[in-house]
Amino acid sequence: MAQKSNKTFAQLRSEILNDEPFEKPLEKSPEKSAPTVSFFDSPLFWRVGTALVLIVAVALRFYDLSLKPFHHDEGVNGFFLKTLFKSGIYHYDPQNYHGPTLYFFALVSSYLFGLNDFGVRLVPALFGVLCVVGIFSLRRYLGSVGALTAGMLIAFSPGMVFISRYFIHEMLFVFFTFSVPLCIVKFIERSKVGSIAASAMAILLMVCLFPGTLNFASIVGGANVEIRNVAIIGFLVLEAGIVFLLMRFLLGWEVGRPIYLLLVAASAALIFATKETAFISLGTMLIAVVCISVWLMIWQPDKETMWCEPVELSFRNFRASFTESNSAVLTMILCAAIFAYVAALFFSSFFTYPGGVYGAFEAYVFWTKTGSKDHTQNSPFAYLKWLWAMEAFLLILGALGALIAFAKAKHRFAMFAALWAWGLIAAYSIIPYKTPWLSVNFILPLGLIAGYGINELATSRETWQRSAAAFLAAGAFGWAAYQSIDLNFYKYDDDSKPYVYAHTRRQFLDLVKDIERTAEISGKSKDASILIVSPDYWPLPWYLRDYQGAAFFGQISKSETAEIIIGSVTQAAELDKEYASHYDFIGTYTMRPGVDLMLYVRRDLTDKVTVK
């Protein structure tokens, strides 16, 4: 009979702090005898591989971010950000359908880099890179080859790159969604909190305490802006000290492991505060977990004769890891509080607009209507068609990896990734609302399961399987690289590309340049009077954000003094009748398919305007 352990809690805690195994470790899947370390598992291979993947991810996402003109939706998002940036006001509108996180993250970026194309697109680009970085933490489950393959597939993915270079909510949504399973895996592993998780928690605490900093600074500074700014800096320093003490406590509490669950709660709140499709992503992941348990009961694999996950990612192990904590109830309370607080923080615009919290619930009424009416012209198989056209190898490898995962049934995370990917494809295919940028939600898990499949082939004893892995990986990288570069740097406004969805044509920037040139010639520069009478004009408000005299009427309006008139070709007869006596027609510019704008300049300026 096994002897009863006489170790005290302090001794067990000491073992944890020294990174020693538990007295009763989490249930691990049986393993074969430890194999000889291969080249694929060597530190050199891993370091060189991760560096190469990161270089690709950063280069494709950050190079020439201002190259393509703003999309209609980017212009709308830019309008909300401009208001927040210049007046400090943002009120969440449930009819706008998307949450506030994008604007507040972009606000910080705009303060650092300016309210310009690069400054705002920097945010989705950064989150696109973070999605790639997150894949590296799954090395134990995907294998070294699998994690690097998955990382490179996502780094090169034309869809992931294209949307990462868009000022829309999608990349933030994908990253926050990805963070949930990542943090849960780390919690089940009983991993010591690393620098990335600790930094994320510290940033979260700084954000949570920031409203208090603003309130105290406003009380101290009052109406004096200079004193208030100095007070903000002072209170930020004080806040940093408080966060430092809180982090000392959290890192010492259960070796910091509850931090992972707190990050899960915060990530879940940020998912909802980013897009209203949160229920689809979280629901799909939950269904995937249930389906895996059912599959394993039916399949009943022989775990004694195969290599399995280093830690069994089962609900049993999650529960054991949770209930063995001496403060499980406190952890649950804190997780609930973090979720509610973070969600309320963003929806209420940092507690300046309480109506935003109510709007967070009201949004689902509007969303259900939108999901069945807008963007419904595409077929039920639209996502598969789009993926096949642009991400064919990823689609094939995602299907292959899923088959391997369920045939071998030895990796719960691999099966989870497969069900996550294909479950989302099924869910979004059922919903009538379909737009290309939604594809990134399942491209990420497709990359994970594709990487797992390549790893299984690459580490096989069969020569033909290793050869097949090399051939498929090389083909996937080459195809994705070609498609990504071609799409993002040459054909970013080509309607034949599925991800190009009613995008603004590059010729539109000629109109912007001619407006700027005319404004300068008039002598008024940013104060020039610009009358926009076209009913379709987005994203023009973004490009005219600094022009105080820009007025968007959306219909014919009388004017004899405005320096510039912009109308639509659909109004050509009315434009000529109304403005011909005082204005000269300069040219027609295509904004997007089916929308052409006409530029008129006041006659006394026409001779000075040189249109290119």
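The values are calculated or read from the model by the stated rules, or taken from the named source; none is laboratory data. Values in this document were obtained by computation on a predicted structure and should not be read as measured data. Neighbour counts run over all protein chains shown; Cβ positions are idealised from the backbone, glycine included. Heavy atoms of the whole protein, side chains included, go into the accessibility calculation; ligands, DNA and RNA do not. Shrake-Rupley method; radii C 1.70, N 1.55, O 1.52, S 1.80 Å.
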(request) Find the residue count for segment 535-556, including only residues that are under 25 Å from K608 (Cα atoms) and in a loop (DSSP other than H, G, I, E, B). (result) 6
(message) Checking Y482 against (1) more than 27 Å from the chain's Cα centre (by Cα); (2) assigned to a helix (DSSP H, G or I); (3) free of Cβ contacts under 8 Å to residues at least 40 places away in the same chain: exactly one of these is not met. Which one?
(response) (1)
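Could you grab me the full set of residues in segment 271-301 that are assigned to a loop (DSSP other than H, G, I, E, B) and in contact with a Phe, Trp or Tyr (Cβ under 8 Å, 6 or more places away or on another chain)?
Of segment 271-301, the ones assigned to a loop (DSSP other than H, G, I, E, B) are 273-274, 276-277, 300-301.
Those that are assigned to a loop (DSSP other than H, G, I, E, B) and in contact with a Phe, Trp or Tyr (Cβ under 8 Å, 6 or more places away or on another chain): A273, T274, E276, T277.
Quick one: which residue in V133, V120, V129 is over 19 Å from F347 (Cα atoms), in contact with a Lys or Arg (Cβ under 9 Å, 6 or more places away or on another chain) and either assigned to a helix (DSSP H, G or I) or among the polar types (S, T, N, Q) (or both)?
On the way: V133 fails: in contact with a Lys or Arg (Cβ under 9 Å, 6 or more places away or on another chain); V120 fails: in contact with a Lys or Arg (Cβ under 9 Å, 6 or more places away or on another chain).
From the options V133, V120, V129, the qualifying one is V129.
Pick from I163, I168, I188, I154: which is open to solvent by less than 20 Å² (accessible area, probe 1.4 Å), part of a loop (DSSP other than H, G, I, E, B) and either within 25 Å of S460 (Cβ to Cβ) or touching a residue at least 12 places away in the same chain (Cβ under 8 Å) (or both)? Let's see the steps before the verdict.
On the way: I163 fails: part of a loop (DSSP other than H, G, I, E, B); I188 fails: part of a loop (DSSP other than H, G, I, E, B); I154 fails: part of a loop (DSSP other than H, G, I, E, B).
After ruling out the rest, the residue left standing is I168.
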(message) I'm checking my understanding of the structure. Among residues of segment 55-105 that are of a type in the set (D, E) and open to solvent by 10 Å² or more (accessible area, probe 1.4 Å), which one is farthest from Y166 (Cα to Cα)?
(response) D93
(request) Give me a count of the residues in segment 547-590 that are in contact with an Asp or Glu (Cβ under 8 Å, 6 or more places away or on another chain) and basic (K, R). (result) 1
(request) Could you tell me whether any residue of segment 465-475 is open to solvent by 50 Å² or more (accessible area, probe 1.4 Å), among the hydrophobic types (A, V, I, L, M, F, W, C) and in contact (Cβ under 8 Å) with a residue 40 or more places away in the chain? (result) no
(message) Against the conditions (1) part of a helix (DSSP H, G or I); (2) more than 35 Å from the chain's Cα centre (by Cα); (3) modelled with pLDDT of 90 or more, where does D604 fall short? Just the number, please.
(response) (3)
(request) Identify the residue in segment 531-563 that is of a type in the set (D, E, K, R) and open to solvent by 50 Å² or more (accessible area, probe 1.4 Å) and, among all such residues, is nearest to F585 (Cα to Cα). (result) E560
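G252 - would you say it is more than 30 Å from K82 (Cα to Cα), in a helix (DSSP H, G or I) and not acidic (D, E)?
Values: more than 30 Å from K82 (Cα to Cα): yes; in a helix (DSSP H, G or I): yes; not acidic (D, E): yes.
So G252 fits the description; yes.
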(message) Tally up the residues in segment 564-586 that are assigned to a helix (DSSP H, G or I) and open to solvent by 50 Å² or more (accessible area, probe 1.4 Å), please.
(response) 7
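Would you check which residues across segment 80-110 are of a type in the set (D, E, K, R) and touching a residue at least 40 places away in the same chain (Cβ under 8 Å) and list them? Steps first, please.
Narrowing segment 80-110 to residues of a type in the set (D, E, K, R): 82, 86, 93.
K82, D93, listed by residue number.
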(message) Being of a type in the set (G, A, S), assigned to a helix (DSSP H, G or I), crowded, with 16+ Cβ neighbours inside 10 Å and at pLDDT below 90 is true for just one of A363, A417, A343, A399. Which residue is that?
(response) A363
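Test A427 against the criterion of being of a type in the set (A, V, I, L, M), surrounded by fewer than 19 Cβ atoms within 10 Å (Cβ to Cβ) and either outside any helix (DSSP H, G or I) or touching a residue at least 60 places away in the same chain (Cβ under 8 Å) (or both), and give yes or no. Steps first, answer last, please.
Working: of a type in the set (A, V, I, L, M): yes; surrounded by fewer than 19 Cβ atoms within 10 Å (Cβ to Cβ): yes; either outside any helix (DSSP H, G or I) or touching a residue at least 60 places away in the same chain (Cβ under 8 Å) (or both): yes.
Considered against the rule, which asks whether it is of a type in the set (A, V, I, L, M), surrounded by fewer than 19 Cβ atoms within 10 Å (Cβ to Cβ) and either outside any helix (DSSP H, G or I) or touching a residue at least 60 places away in the same chain (Cβ under 8 Å) (or both), A427 comes out as yes.
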(message) Cβ-Cβ under 6 Å, sequence separation 6+ or interchain: first residue in segment 440-460 and surrounded by 24 or more Cβ atoms within 10 Å (Cβ to Cβ), partner among the hydroxyl-bearing types (S, T, Y). Which pairs?
(response) I443/S157; G451/T149; I454/T149
(request) Only one of these is at pLDDT 85 or above and open to solvent by 10 Å² or more (accessible area, probe 1.4 Å): G143, G212, G194. Name it. (result) G143
(message) So in segment 485-511, with the set limited to residues that are hydrophobic (A, V, I, L, M, F, W, C) and part of a loop (DSSP other than H, G, I, E, B), which one is farthest from F393 (Cα to Cα)?
(response) A502
(message) Could you check segment 202-254 and list, in sequence order, the residues that are more than 30 Å from S191 (Cα to Cα) and in contact (Cβ under 8 Å) with a residue 40 or more places away in the chain?
(response) P211, L214
(request) Of all residues in segment 266-280, count the ones that are open to solvent by less than 10 Å² (accessible area, probe 1.4 Å), out of contact with any Pro (no Cβ under 7 Å at 6 or more places or on another chain) and of a type in the set (A, V, I, L, M, F, W, C). (result) 4
(request) Output yes when any residue across segment 512-527 is surrounded by 14 or more Cβ atoms within 10 Å (Cβ to Cβ), of a type in the set (A, V, I, L, M), assigned to a loop (DSSP other than H, G, I, E, B) and touching a residue at least 24 places away in the same chain (Cβ under 8 Å), and no when none is. (result) no
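Might you check whether a residue that is within 29 Å of F40 (Cα to Cα), open to solvent by less than 30 Å² (accessible area, probe 1.4 Å) and modelled with pLDDT of 95 or more occurs anywhere in segment 484-506?
Let us first name the residues in segment 484-506 that are within 29 Å of F40 (Cα to Cα), namely 484-485.
With open to solvent by less than 30 Å² (accessible area, probe 1.4 Å) added as a condition, the list becomes 484.
Cutting the leftovers down to modelled with pLDDT of 95 or more gives us 484.
Looking for residues that are within 29 Å of F40 (Cα to Cα), open to solvent by less than 30 Å² (accessible area, probe 1.4 Å) and modelled with pLDDT of 95 or more, one finds at least one in segment 484-506, hence yes.
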(request) Among the residues of segment 220-254, write down those that are at pLDDT 75 or above and touching a Gly at 6+ places or on another chain (Cβ under 7 Å). (result) I227, A231, L250
(message) Anything in segment 587-609 that is open to solvent by 40 Å² or more (accessible area, probe 1.4 Å) and in contact with a Lys or Arg (Cβ under 7 Å, 6 or more places away or on another chain)? List them, or say none.
(response) T590
